[in-house]
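These notes are about the structure you will find just below.
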Amino acid sequence: MHTRHRDAQGQPKYTNRLIHAASPYLLQHAHNPVDWYEWSEEALERARREDKPILVSIGYAACHWCHVMAHESFDDEATAAIQNELFVNIKVDREERPDLDSLYMAAVQAMTGQGGWPLNVFCLPDGTPFYGGTYFPPDEKAACYRASSWKQVLERVAQVYRTRRDELVAQGADLVNHISRLASAGASESAALPDGGALLQGAVAALSRQFDRQAGGFGGAPKFPQANVLEALLRAHLRGVPEALPMLELTLQKMARGGIYDQLGGGFHRYSVDARWLVPHFEKMLYDNALLARIYLAAFQVTGAPLYRQIAVETLGYMVRDLRHPEGGFFSSEDADSLPYPGAPHAEEGAFYVWTPDEVREQLGEDAALFCHLYDISRLGNFEGKNVLNLPREPGDVARVTGAPGERLEQVAREGRERLFTARARRPRPFRDEKIITSWNGMALRAFAEAAVPLGADGYLEVARGCAQFLLTRLRRDDGRLLRSWKDGRSGPPAFLEDYALLVDGLLALHAADGDPRWLAESFALAEVMVDLFWDDAIAGFYDTARDHQALVVRPRDVGDNATPAGASVAAEVLLRLAALAGRDDYRQRAEAVIVGQAGMLTRFPAGFGRLLCAADLATAPVREVVIAGEPRAADTRALLEVTLGPYRPHIVVARIRPGDGDAAALTPLLAQRDAINGAATAYVCAGFVCQLPVQTSEALAEQLR
C-alpha cells in the first residue's frame, strides 16, 4: 500500500493502532495519518466519553476504489486532521467482519438505494448508523459538482451532529427499526413448502427478461458472473425447463472467451466493467473461482463440452498455483492493482495483466501478428491504451481471414500463451491477501472434492484433504467452535453462520469422493454446533452471528445470495443432505422453514436467491441415498463411484463405508449392515431408507440411478 509520508530514511512518518492488526487490509492503513481503531469496545467507549460521532470505513484488501480513497483522503494530512478532530475513526475488513459489513451495508442501501466498497458510514456513539455512502472524491473539483467532497461530508456531518442531534437520533432509530424488521422476518405458520420445480420455472422466466442475448449474463454494465444463479439454471434444466441450458451455455462461453477470464493464467476476475465481459475489475477472489470452477465442471458433466472441462481445470489450477498456502488452505484474493514495472512509483489497475503489441512481438516474434489477431491485441488497445486478452472471434473466422490453417492457429495460441505467461511471471505481482477464511475455503474444498471423480484426478482429492485438514486444525478452537479467519498463526474472530455451513458443504463432498468417515463425522458435529449457535425459533430461521456474539445494534441476518451464497441458504441445503443421510426430521424441518420464510422473495427476486433456489429444488426433488461399500482405491469401487459422481446428480446424497469401518456405521443408520458383499465393492440405492437390491456392476448401478 503506497503511503506518501516517509522520513529521510524512507520509513513511514505515521503509524496508528492498525499496525497490530492481523488483517492485510487493516495493515494497508496502518501508516495513514488517520487515528484508526479496529472495531472494539475501546473505540465505542471513546466516542461515548468524548461525545463524538463514529466513522466506520469498510473495505477489503483487493478493492481498487478502497485504495483510491485511501490514497486521496486517508493518506492526506489535512483530511486526516479533520477526521481525527471530529470523529472516532474505525477501519473494518469486510471479509473478516461480515456482520458489520452486512449491518452497515443494509443501512447505506436503505438510505441511498445502492452500496459498494469502500463503505463509509457515520454512526452515533453506540454504533447506530445515521448517514453514509461509498466512495467520496477528495475535493470539490474531483466531485465534478455531482457529489460532495469527502472534506465537505466530514464537516457537514459533524456540524449536524452538534446542532441537530435529535434529527440524527430519530433517523438512526428509523434505520435500525427498518433493518431489524428485515432481519427478524420469518415464515408464517400456515405457509407451505413451495414446489421447487415451479420455483425454478418461474425463476427462469424472470431471469430471461434480464438476460443479455448477445453476451450472456444478466443486465448491463457492470456485469457479475452470478455463480449461484448459474447453478439454479442448471437445476432448472434438469427439471425440464427448455430455456435454462441455452442461457447458461451462452453465459459460460462468453465469460470463458472474455477478458474477465485470465486467458494466460486461468481463473476469473471479480466482474466486468462493461456488458461484454471484456474489461474486468482485475482483482481475483477465491470465492468466485471456487464457485465458477464448480459451474464449469457441472456444465461439462451435463453437456460433455471440452471447453467447460478446460476452464474448470485451468481455474482449479490457478487456485492451486497462486492461492494455496503451503499447509493446504487457500488465500483470499489477489489485488486489482500492481506496479507496471519493477521500481515504479505507483501501482496501476490491471498492470500485471495487460499487453501492448510491442510487448507481444518481443516475446513471440513472427507469431505475434497471428496471436494479436486471435486475442484482440491492437495499437489502439481495449483498456487505457493497452490490451486485455480476449477471444472475440471464432478460430474458424480467424483462419478464414488470415489464411492460417486451424492447426497452425492452435499451435500459435498454445505456445503464445505459454511464452507470455512466462514473461508475465517476471512482472511485479499484484498484492495477495494471505488471510484464510473458513467459508471461502469451504467453497474451494467442495470444488476440488467434486472435480476429482469426473475429471479422474486423484491430485484434486489430495488438495481437498489438505484444505479440510487445515481448516479443522488451524481454524477450530479447542472447544470445537470454528474461527472466521487465520493468517500467519494469528486467529480472527469467531466464525459466522456461513463458515459453518460452507465447511459442512465441503466436507460432505469430500466424504463422498474419498470415503473417509472422518469427514462425515465432522459434518454431523459441526451441523449440531451450527444449529445450536445460529438457529432461532422466534424467526424460524438462522441469524448470521452466534447467539453469544458481540452485540450490535441489530443482530445481522442476510438472507439474499450475492457473490457468495447466504449462510442460511447453504445451511438449508446441508441440513437437507444430512437429513437424508441420517433420517433427521428436525434437520429437514429447519431447512424447509428457511425456504418457506423466503418463498415470496424466491418468486419475486430469483436473481438474488440462486443458492436458496437450489435448496428448494433439493427439498422437493425425489432424493436418493447411495451407499458405496468397498476399498476406496480398488478398481471396482472406483467404477461404482464414476457412475455415481461422474454425472451431475444434485438430487443424490452419498455415504461411503470401507471394510472394517465400524465407526462409520455408528454415524447413520444408512450405513448399518452395508457391507462389500464377498469382498467386492457394492452399491445400495435407497429412497427414504427403503433400499433396492444391492448391485456390484457399473451397469446395474447406472440402471438404478436412471
Within the stretch 85-183, which chymotrypsin sites (Phe, Trp or Tyr not before Pro) sit in a loop by DSSP and count at most 10 neighbouring Cβ atoms inside 10 Å? Tyr145
By the scheme Lys and Arg +1, Asp and Glu -1, what is the net charge of all other residues having a beta-carbon under 12 Å from that of Arg48? -3
Quick check for you: which residues of the stretch 639-665 have the amide N under 18 Å from the point 7 Å beyond the Cα of Glu699 toward its beta carbon? 639-644
Check the straight Cα-Cα distances from Lys52 and name the aspartates and glutamates below 17 Å, setting aside those fewer than 8 residues away within the same chain. Asp35, Glu38, Glu41, Glu42, Glu85, Asp126, Glu155, Asp166, Glu167
Taking neighbour counts of Cβ atoms within 10 Å as a proxy for exposure, in what order, fewest first, do Leu472, Leu248, Leu233 appear? Leu472, Leu248, Leu233
Would you please give the FRET efficiency between Ser208 and Gln411, computed as 1/(1 + (r/R0)^6) with r the Cβ-Cβ distance and R0 = 56 Å, to the nearest 0.05? 0.90
In the stretch 374-430, the trypsin sites (Lys or Arg not before Pro) that fall in loop regions by DSSP, at most 14 other Cβ within 10 Å: Arg379, Arg426
Rounded to whole Å, give me the distance from the Cα center of the stretch 457-495 to that of the stretch 267-324. 23 Å
Can you compute the helix-only [θ] at 222 nm over the chain? Use -39500 (n - 2.57) per DSSP H run of at least 4 residues, normalise by all residues, nearest 500 deg cm²/dmol. -15000 deg cm²/dmol
Starting from the Cα of Lys254, draw a straight line to each of the lysines and keep only those under 17 Å, dropping any in the same chain fewer than 8 residues away. Lys223
How much length is gained on full extension from Glu45 to Glu327, taking 0.36 nm per residue of separation minus their Cα-Cα distance? 97.5 nm
Expressed in nanometres to one decimal, the distance between label points 7 Å along Cα→Cβ at His651 and Ser184 is 4.0 nm
If R₀ is 35 angstrom, what is the calculated FRET efficiency for the pair Thr112 and Lys13, using the beta carbon separation as r and rounding to 0.05? 0.50
Cα principal axis extents for the stretch 325-413, largest first, Å: 46, 34, 22
Note: Val169 to Phe421 extended length (0.36 nm per residue) minus current alpha-carbon separation gives 85.1 nm
Can you list the residues, at least 5 places off or on another chain, whose amide H is less than 5 Å from the amide H of His281, using H built in the peptide plane? Arg270, Tyr271, Ser272, Val273
Give the separation of the Cα centroids, the stretch 349-419 to the stretch 552-596, in Å. 46 Å
If the cut-off is 23 Å between C-alpha atoms, which lysines fall inside it for Lys435, apart from same-chain ones fewer than 8 positions away? Lys91, Lys284, Lys487
Pick out, in residue order, every one of the GluC sites (Glu not before Pro) in the stretch 334-391 that is DSSP loop and has at most 14 other C-beta atoms within 10 Å; say none if there are none. Glu384
In percent, what relative contact order does the chain have, based on Cα pairs under 8 Å that are 6 or more apart in sequence? 11 percent
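Here, each number is a calculation from the coordinates, and none is a lab measurement. Model, not experiment: these values are computed from the prediction. Here Cβ is always computed from backbone atoms with ideal geometry, including for glycine, and neighbour counts include all displayed protein chains.
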